[in-house]
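Laboratory data are not the source of any read-out in this text; all were calculated from the coordinates shown. This one's a predicted model, so the numbers in the text were calculated from it and none came from an experiment. When we count neighbours, we look across all protein chains shown, and the Cβ atoms used for this are built from the backbone with ideal geometry, even at glycine.
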Amino acid sequence: MSVIPLVFTSGWASGINAYAVVLLLGVFGATGVSDEVPAALQRTDVLIVAGVLFLCEVVADKIPYVDSVWDTAHTVIRPVAGAVIAALLAGESGSLPELAAGAIGGSTALMSHLVKAGTRMAVNTSPEPFSNIGMSIAEDLGVAGVVTFAIFNPVAAAVIAAVLLVLGIILVVFLASRIRRFLRRRAQRREEIHLAESGGPRPPG
């Protein structure tokens with residue numbers, strides 16, 4: 001039970017930026033800041049891969065529409081990463097606590113990922129890129145801050161992550177109309193591309 005708060009927090013953070021979570025936890029473990037980090041996350045090859053992918057996400061996450069494509073590609077990756085990190089934190093291979101931790105981490109990562117993806121769709125309805133960049137920076141700082149705080153005070157960090165998750169869900173519900181507008185615009189763009197490739201007339205509007 002003592003690891004559940006850290007599992008929940010890492011799951012929430014993985015749904016936003018799984019590579020940052022792996023990188024942060026791995027560095028904290030490798031430098032001796034925390035004894036809770038499993039050895040698998042401290043391996044040099046894991047840290048290098050996580051670092052490269054984190055840099056890719058930093059760039060892709062700040063480009064309008066590219067960020068939504070990136071989110072779509074990570075709909076499976078982030079929840080799986082959240083489940084794996086949680087299972088590793090539980091630390092007992094094949095045990096019931098490990099399976100339970102994986103379920104908590106994976107489901108929390110999925111929820112926070114859907115919140116992030118939905119929010120980005122709404123933000124992408126704005127013609128200027130600055131709100132997108134600002135949202136991305138806020139997410140990066142939020143993940144770094146909450147995960148770091150979780151190392152020293154996992155219960156308080158889990159409460160913060162839970163509050164942010166609930167607020168995110170409420171925000172997505174509030175922005176539902178803008179999200180639907182984004183999806184219609186993307187469908188129209190795909191249709192225009194398809195018609196252009198086939199040599200047909202462009203749709204009105």
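How high is the relative contact order of the chain? Use alpha-carbon pairs under 8 Å, at least six apart in sequence, and give a whole percent. Could you put the intermediate results ahead of the total?
Working: 272 pairs, mean separation 58.9, N = 205.
The normalised contact order for the chain reaches 29 percent.
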Review point. Rg/Rh for region 1-107: what does it come to with C-alpha atoms and Rh from Kirkwood?
Key: 0.99
Exercise for review: Over 16 Å, how big is the tail of the calculated P(r) for region 108-168, in percent of all Cα pairs?
Suggested key: 50
Practice item. Could you compute the FRET efficiency for Y65 and S177, with r as their C-beta to C-beta distance and R0 at 22 Å, rounded to 0.05? Key: 0.70
Point to revise | Mean Cβ count within 10 Å, highest first, over the residues of peptides 156-168, 4-16 | key: 4-16, 156-168
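How much mean residue ellipticity at 222 nm does the chain get from its helices, if each DSSP H run of length 4 or more adds -39500 (n - 2.57) and you divide by all residues, to the nearest 500 deg cm²/dmol? Mind dumping the intermediate values first?
Values: 8 runs with 161 residues, N = 205.
For the chain, the value works out to -27000 deg cm²/dmol.
For region 14-77, compute Rh as the Kirkwood radius over C-alpha pairs and then the Stokes-Einstein diffusion coefficient at 20 °C and 1.002 mPa s; write the answer in µm²/s, rounded to an integer. Working shown, then result.
Numbers: Rh = 12.4 Å.
Translational D for this selection: 173 µm²/s.
When the chain is fully extended, how far beyond the present Cα-Cα distance does L99 get from T148, taking 0.36 nm per residue of separation?
This chain segment gains 15.2 nm when fully extended.
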Check your understanding: Any idea what angle helix 154-174 forms with the longest principal axis of the chain, computed on alpha-carbon atoms, 0 to 90 degrees, nearest 10?
Key -> 10
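What's the FRET efficiency of V46 with A73 using the Cβ-Cβ distance as r and R₀ = 25 Å, to the nearest 0.05? It would help to have the intermediate numbers written out before the result.
Numbers: r = 21 Å, r/R0 = 0.82.
After rounding to 0.05, the efficiency reads 0.75.
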Practice item. Would you please report the Å³ per residue occupied by the convex hull of the alpha carbon atoms in the chain? Key: 128
**Study point:** Rounded to whole Hz, the Karplus (6.51, -1.76, 1.60) HN-Hα couplings of region 131-142, x for glycine and proline
**Key:** 5, 5, 5, x, 5, 5, 5, 4, 5, 4, 5, x
Practice item. Between I133 and L167, with labels modelled 7 Å along Cα→Cβ, what's the label distance in nm to one decimal, could you check? Key: 2.4
Practice item. May I ask for the equivalent-ellipsoid semi-axes of region 53-141, computed as the square root of five times each C-alpha gyration tensor eigenvalue and listed largest first in whole Å? Key: 30, 12, 10
